[in-house]
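Just so it is clear, none of the values below were taken in a lab; they were calculated from the coordinates. These figures come from a predicted structure and were not determined experimentally. In this analysis, Cβ positions are derived from the backbone assuming ideal geometry, glycine residues included, and neighbour counts consider all displayed protein chains.
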Amino acid sequence: MSLLWQGARVDVVETAGATLVALMATDAWQQARDGVVMLWRRFRPIQAEEITLALDETREEVLAARQDQNEQDEADLVRDWDRRLRRILEQDPAVAEQLQHVLDEVRGSLPRDQQPTVPAPVFHTHVSGNGRVYNAGRDQHIHER
């Protein structure tokens, strides 16, 4: 994985699974499902049917977890989709931009009261000696002399 890919695509990688799982419990689910399946058909066509079934199964699990108010089960589903999405994004970084577009478009089609909540990325840093750390959730510009 290249450094460019790591820096430019971390926002997609960090939030795609959570966004997808959150969308499974909304009225826009079919649109999100179709967009993700389209990506698999384009970049991993052999796995498209498997992903279609996995998405449908996961949706049922998400709805059950929400009905039971089981946050741990839903978090496990997010981790599962994070892994799946990370694998396809690592194979072909061009997928990241298209996946972000699909998820943004689907979220944008929902009324404000149905917008899924997606956890913000969490940064963990450790510095020793004279080291410096600069964390940012988006673009960061540092001007030092």
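Need the full-extension length gain, residue 63 to residue 98, defined as separation in residues times 0.36 nm minus the C-alpha distance. One decimal, nm.
On the way: separation 35, 0.36 × 35 = 12.60 nm, distance 2.64 nm.
Difference between extended and current length: 10.0 nm.
Can you tell me the order of 64-71, 91-98 when each peptide is scored by its average per-residue count of other Cβ atoms within 10 angstrom, highest first?
Values: 64-71: 11.9, 91-98: 15.1.
Result, highest mean Cβ count within 10 Å first: 91-98, 64-71.
The packing ranking, built from the mean of other Cβ atoms within 10 Å per residue, places the peptides 79-90, 42-53 in the order 79-90, 42-53, highest first.
Stokes-Einstein D for region 3-112 at 20 °C, 1.002 mPa s, Kirkwood Rh over Cα pairs, in µm²/s?
Details: Rh = 14.1 Å.
So the translational diffusion coefficient is about 152 µm²/s.
For region 40-105, what does the alpha-carbon gyration tensor say about shape, rounded, prolate or oblate, given a ≥ b ≥ c as the root eigenvalues, a/c under 1.5 as rounded, and a/b over b/c as prolate? Since a/c reaches 1.5 and a/b is larger than b/c, the shape of region 40-105 is classed as prolate.
Computed from point charges on the beta carbon alone (+1 for Lys and Arg, -1 for Asp and Glu), the dipole magnitude for region 30-112 about its Cα centre is near 360 Debye.
Ordering 78, 24, 89 by the projection of their Cα atoms onto the charge dipole of region 3-112, which places +1 on the Cβ of Lys and Arg and -1 on the Cβ of Asp and Glu, puts 89 at the extreme positive end.
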